[in-house]
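Every number in this text was worked out from the coordinates using simple rules, so none of it is lab data. Because the structure is a prediction, the values reported are computed rather than measured. Note that we place each Cβ from the backbone using ideal geometry, even for glycine, and neighbour counts take in every protein chain shown.
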Amino acid sequence: MNKFNVAAVVVLLGACAAPPQRVDSSRTEGPDKSYAVDLPVGWISQVTQNKQLLVTRDGTLLEYMLITKTPPKEAFPKTKKAASDSMLPAELAELEIAEIKSEDQFTAALTVTENTPAEIAGRSGFRFRVRYKNNLGLEIQRVVCGFAEKSAYYQMQFGAPTLYYFDRYYPDFQKAVASFQLSDSNKKTSRLKSERFLSENLTRTDRTVR
Amino acid sequence: MTAPILRAAAFAILVWATSSWAQVIYKSTMPDGRVIYGAEPAPGAKRVETLKPPAENTGVRPVGPKDEAAAQQGDLQREQQAARQNEIQQAEEALRDAEAALTAGKEPLPGERLGTAGGASRLSDEYWERQKGLEAAVAQARKRLDELRSTGR
């Protein structure tokens, strides 16, 4: 198997659990209806065998968004680590970065260009950006956001070559992240978690500033 | 004097052209059909193409102020249509309620039937006033619905 890049992995993941569909109405529910997200109209979406929501416009090798919901224990299959809702966003981000690094020799040499706590669907999480070159020297950038709940680990990522594609479609991903919402049953716990995170995080930021 | 300037300009153009040339994504199709994108062609590729930047005018997003305005206008029209549909539904409900009240109101209320000297009975003026009110309410609800329906045409 040619160790290419994550897009190739994504293509494999996307191996046809459900037929691809054009996104006609931006509001889209996840496969198990536990979340809803605004996807760019006109893109093609597909639910993979692992119940991930994969969206692309020109093909997954050129740009893709991938939304994943997994049980916390299966959050990081390559490194065989589990996520937990008690973990700090930075810890989850480190596990996620390690997961990407373990994909192949090219992602192993990635550079983290941004890593910050983020609020996603009112929930404390992380957002980081990495860049690396594939086997033919093409620079790929990926942005990954995620958070852990007691019952699930949610992750959203966007990847594209830096040249032409990343900047062009990154705003679409940002819109998708901003619109991401858990279904009603998940909202209450999310809000409480978010409040707790904000109060803890503000304290931490204060300390950093000093 | 002009020669160094010309040389510098030529060098600048060369640098610019080289960097522009380097800004290419190669799409390599391998003999087994796999497609690989790279900053250089894949060795052994059956076919190599260069990708141009995705055109601004492709896809479904608005590409200029005019398109943006048209899209917003479309959204506004859809919203207005939904609001009007909602108003019509409410007017239909109001008409149904008024008609139901009229039907239910046919039955005289206590005190609205008066005994006559001949031993029979008649309905009081209050009853007929109440009927008029109920009929007026039906007529008003029907008028409102007709107005809403006609304005949409």
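Computed from backbone phi, the HN-Hα couplings of the range B:34-42 come to 5, 10, 10, 9, x, 7, 8, x, 6 Hz, rounded to whole numbers (Karplus: 6.51 cos²θ - 1.76 cosθ + 1.60, θ = phi - 60°; Gly and Pro given as x). Annotation: amide H of A:Asp38 within the under-5 Å range of A:Thr28, A:Ser179, A:Phe180, sequence separation 5 or more or interchain, hydrogens built in the peptide plane. Take each residue in B:31-37, count the other chain C-beta atoms within 10 Å of its C-beta, and the mean is 5. Computed from phi, the 3J(HN,Hα) profile of the range A:88-100 under the Karplus parametrisation 6.51, -1.76, 1.60 (θ = phi - 60°) reads 6, x, 5, 5, 4, 4, 4, 5, 5, 5, 4, 5, 5 Hz, with x in place of Gly and Pro. For the pair B:Trp128 and A:Gln105, label points projected 7 Å from Cα toward Cβ lie 10.4 nm apart. Rounded to the nearest 0.05, what FRET efficiency do B:Val48 and B:Gln73 give with R0 = 35 Å and r taken as the Cβ-Cβ distance? Could you check? Plugging the Cβ-Cβ distance into 1/(1 + (r/R0)^6) gives 0.20.
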